[in-house]
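Asks: Pasting a structure here, questions to come.
The values are calculated or read from the model by the stated rules, or taken from the named source; none is laboratory data. Just so you know, these numbers come straight off a predicted model, no measurement behind them. Cβ placement follows ideal geometry from the backbone for every residue including glycine, while neighbour counts extend to all protein chains displayed. To get the accessible areas, we keep the full protein, side chains included, count just its heavy atoms, and leave off ligands, DNA and RNA. Shrake-Rupley method; radii C 1.70, N 1.55, O 1.52, S 1.80 Å.
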Amino acid sequence: MWTLLLLLAQTGTAAVPSSAYARAVDLVDSLYLYPDRVDAVAMLHAAAKQLANEVDWLLVTPIDDGVDLRHGSGRPIGAVTVGAVQTLPEALSALEDTVRESGYPLGDLDVRALLLDGMCRALDRYSTLLVGERKERFDMRLRGTVVGIGVEFDPIDGDALRIETIVRGGPAELAGMRPGDAVLRIDGRSTVGLPNATARKLISGDEGTQVVLHVDRAGTPLDIALTRAEGVVPNVSWRVLGDSVGYVAIEHVSQRTVVNLVAALDALEAEGALDKGLVVDVRGNTGGSMRESALVADHFVESGLLVRTLGRNGQEVPNLQPRIEARNSGTEPRVPLAILVDDRTASGSEIVAGALLELDRAVLIGSRTYGKGTVQKSFDLDSVGAAELKVTVAEYVLAGERRIADAGLIPDATVGEILLDQAGVRFRGWDPAWQGVAWEDIVPAVVERPSWRGIDPGENDVALEIGRRVVLAARDPSRSAALAALGPVVTAVRAEEEQRLETALLAHGIDWTAAEVDGGVPDAEVRVSAVARGRDRYQVTAVVDNSGNTRLNRAHVELVGPGWWSGLVVPIGA
C-alpha cells in the first residue's frame, strides 16, 4: 500500500434532506452533553446569522423569540419565531422558505446545510454539520486512508499543475509520472485557470477507476492513464536522536495510528534506538479517534484505566464505549518516556498524554494543552450518509478522576519561546495565568531567526532536548524516575538558554547579564514614545528610569495594544 502526500479526495456536495431539521434537533435534544445550553431561540439566531454571513444581501436582526429578515436595502422579507425546542425544526424550515421565496438570488448555496451548521454554533465549537468536502476530509482523517493517485502538486502561475512529488509505490509512480511533469488536461479538461479544489475533484474518484492526464514533460506531450487506489495518510514519523534516543511524532489520531506507530517503533528498534529511551511528540496534534488514542497509550502500559466516558447527567451514551482499560500484550517498550505537548495538543492526544501521566509512565514537556476533554459522535441525517451531525455527547475522564475539559494538562516542565527576528523580540507562551506556573519556572527557548544578526543559528527545539536528556538520565521506565531526572536537566538547559539569549542580545548592544542576587522590588519608571518615520513605519523608544537603590538586570518593556506590534518586547538589559 502506498503512502499519500497530497490528499485527493472526492468533494462533491450532496443536498441535505428537509427531514434533517427534525432529526438534528431530536439528536441535540436527547443526547447533547449540556442540556442547559439547548436554547431554541439562540439556535435559531445562530442559524440565521450563519446564513447571513454567506448571503450578502441578507440582514438578520434578533428579536425576542426569533429573527427579523430584511434585504440590504431595508425592504422587509419576513420574521420567523420559535417556541419550545420541539418547534425548532418548523422554525428552521420556515426560515429557509422565507429566504428562498424572497425573490432575491441565492446562487448555488446549500441553505439547509448553512442553517444546520449555524444552529450547531449555538451549542459549542465542536458540534457541527459534516457535508460535502468537509465530511470527506473528516472521514479521510478518521480512516487514515484516502483514494487518490499519490502526487503532490502546485499550480504554475495559474496555467497548469506541476507535479512536485511522486509517492513511492503509488499510482502516479506506477504509471511513469515524474516530478516536474506539468498537467495540462485532466480527462480532456484544461487546467488553465482551474481552481485547485476543482482539479482535485477531477483527479479523485472511486478506487479502481481511471483518470487520464495530458502531461507536458520538458516539451514532450504525453497522455498518462492512472488507476486510482487507496493510500495511507501518513500521521506518524520517526527518527533517531543523539545518543541513540528514539523519537516518534504523531500528527493526528486516525484508525491507522497504532499500525503506523508499531511500524515506527519497529524501525527504531532495528536502528538500536529503543534501548535508552523514547520521546513521543504530540505537539500540534488536535486529536481524532478516542478509541485509537487510548490504544496508543495502551501500547506503553500494561494495566490501568486509560479513559472512561460520561454522557448527559453522568449516564452512558448509547454506542459509545464507556470504559477502556489497558491490556498487557507483553510487547510494551520498557524504556523511559517523555511526551512533548503544546497548546494545540487536544482531544485524543490529550488522552494519550494524560493517560501516560496518570499511569506513572511518562513526563510531559512543553506548554499547557488545549483542554478539550469532550467526545463527539457523528449521526447520519439522511439515508445515504451524505450529511452527518457531529454533536458533543460526553466528556472523558482519565485515571485519578482527571478531567481535561477547559483545564488541559500542565506539563512537568513548561517551555516558553523567546523569538528574535528583524521585528524585535517576542515572548510567546509566557502567560503564567494560562500556563499555570510562575514566570520564573518557565524554561526559556531562544529561537533566533537569521534576520536578527545575519547568521543562521540552526534549529533550537528546547522541549525536545529536555525530553532527550531526561529519558537518558532516568534510571527506570517509570514517571517517577523521569521526574527525578527532570530537575537537573531543566537547570542545565535553562542556563544554556540564558547564555544563548545573552549572546544574541549582546550583538545588539544589550547587556542581559543576570543579577548575582535578588535585590528586591525596584523603584523604576517607564516612558515609551513613538515617532512616525514614513508610511506604516514608526520608531519606538522605551526608557527605564531607575531611581531606587536596587540595580536592574534584564529589564524589558512589553508593548501592548491593538496593532501587530502588541506583545513585542523592547529589551533594555542591565
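Asks: Need one number: nm distance between label points at T98 and R37, each 7 Å from Cα along Cα→Cβ, rounded to one decimal.
Replies: 2.6 nm
Asks: Please report the carbon-and-sulfur percent of the accessible area for the chain; probe 1.4 Å, protein heavy atoms only, DNA, RNA and ligands left out.
Replies: It is 47 percent, rounded to a whole number.
Asks: Which is farthest toward the positive dipole end of region 457-574 among W564, L501, L464, measuring Cα position about the Cα centre, with Cβ charges +1 (Lys, Arg) and -1 (Asp, Glu)?
Replies: Final value for the positive-end residue is W564.
Asks: If you don't mind, there's one more thing I want to ask. When the helix-only estimate is applied to the chain (DSSP H runs of n ≥ 4, each -39,500 (n - 2.57), divided by the residue count), what is the mean residue ellipticity at 222 nm, nearest 500 deg cm²/dmol?
Replies: Calculated at 222 nm, the ellipticity per residue is -8500 deg cm²/dmol.
Asks: Shifting gears a bit: What does the charge add up to near P450, with Lys and Arg as +1, Asp and Glu as -1, over the other residues with Cβ less than 13 Å from its Cβ?
Replies: Neighbour charge sum, excluding P450 itself: -2.
Asks: With a 1.4 Å probe and every protein chain left in place, work out the accessible area per residue of region 422-523 in Å², rounded to a whole number.
Replies: 53 Å²
Asks: Which FRET efficiency value, to the nearest 0.05, is calculated for V521 and I63 with the Förster distance at 51 angstrom and r the Cβ-Cβ distance?
Replies: 0.40
Asks: I want to check the label-to-label distance for A530 and E207. Put each point 7 Å from Cα in the C-beta direction and report it in nm to one decimal.
Replies: Calculated label separation equals 5.7 nm.
Asks: Mean separation of Cα pairs under 8 Å and 6+ residues apart, divided by the residue count of the chain: what relative contact order is that in percent?
Replies: That works out to 11 percent.
Asks: With charges set only on the Cβ (+1 for Lys and Arg, -1 for Asp and Glu), what does the dipole of the chain come to about its Cα centre, in debye to the nearest 20?
Replies: The calculation lands at about 360 debye.
Asks: Quick one: length gained pulling A263 to T81 fully straight, 0.36 nm per residue minus the C-alpha distance?
Replies: Taking A263 through T81 to full extension adds about 59.9 nm, to one decimal.
Asks: Can you tell me how much longer the chain between D223 and D511 gets when fully stretched, taken as 0.36 nm per residue apart minus their C-alpha distance, in nm with one decimal?
Replies: In short, 97.2 nm is gained.
Asks: For a quick check of your reading of the filter: which trypsin sites (Lys or Arg not before Pro) in region 468-574 sit in a DSSP loop and have no more than 13 other Cβ atoms within 10 Å?
Replies: R475, R533, R535, R537, R551
Asks: So how strong a dipole does region 263-364 carry about its Cα centre when Lys and Arg Cβ are +1 and Asp and Glu Cβ are -1, to the nearest 20 debye?
Replies: With Lys and Arg at +1 and Asp and Glu at -1, about 360 debye.
Asks: Please compute the Kirkwood hydrodynamic radius of region 255-373 from all pairs of different C-alpha atoms, in Å with one decimal.
Replies: 14.8 Å
Asks: Which value in nm describes the separation of the simple spin-label points at A574 and A495, placed 7 Å from the Cα toward the beta carbon?
Replies: 1.8 nm
Asks: To continue, here is another question. For region 499-571 and region 199-217, what is the separation of their C-alpha centers, rounded to whole Å?
Replies: 57 Å
Asks: Assign one of three labels to the chain, namely rounded, prolate or oblate, based on the Cα gyration tensor with a ≥ b ≥ c the square roots of its eigenvalues; rounded applies when a/c is under 1.5, prolate when it is not and a/b is larger than b/c, and oblate otherwise.
Replies: rounded
Asks: Separate question: Pull out a ≥ b ≥ c, the square roots of the eigenvalues of the alpha-carbon gyration tensor of region 442-495, then state rounded if a/c is under 1.5, prolate if not and a/b is larger than b/c, and oblate in the remaining case.
Replies: Prolate is the answer for region 442-495, as a/c is 1.5 or above and a/b outweighs b/c.
Asks: With axes computed from alpha carbons, what is the tilt in degrees of helix 40-54 against the longest principal axis of the chain, rounded to the nearest 10 within 0 to 90?
Replies: 90 degrees
Asks: Test of understanding: given the chain, find the longest segment containing no GluC sites (Glu not before Pro) that are in a DSSP loop and have at most 16 other Cβ atoms within 10 Å.
Replies: Longest run free of exposed loop sites: 317-458.
Asks: Between 0 and 90 degrees, rounded to the nearest ten: what's the tilt of helix 88-100 against the longest Cα principal axis of the chain?
Replies: With both axes taken from Cα atoms, the answer is about 70 degrees.
Asks: Treat every Asp and Glu Cβ in region 428-574 as -1 and every Lys and Arg Cβ as +1, leave all other atoms uncharged, and give the resulting dipole magnitude about the Cα centre to the nearest 20 debye.
Replies: In total the dipole reaches around 400 debye.
Asks: A further question follows. In degrees between 0 and 90, to the nearest 10, how far off the longest principal axis of the chain does helix 111-121 point, with axes built from Cα atoms?
Replies: 40 degrees
Asks: What FRET efficiency, computed as 1/(1 + (r/R0)^6) with R0 = 45 Å and r the Cβ-Cβ distance, is obtained for R334 and D441, rounded to the nearest 0.05?
Replies: 0.90
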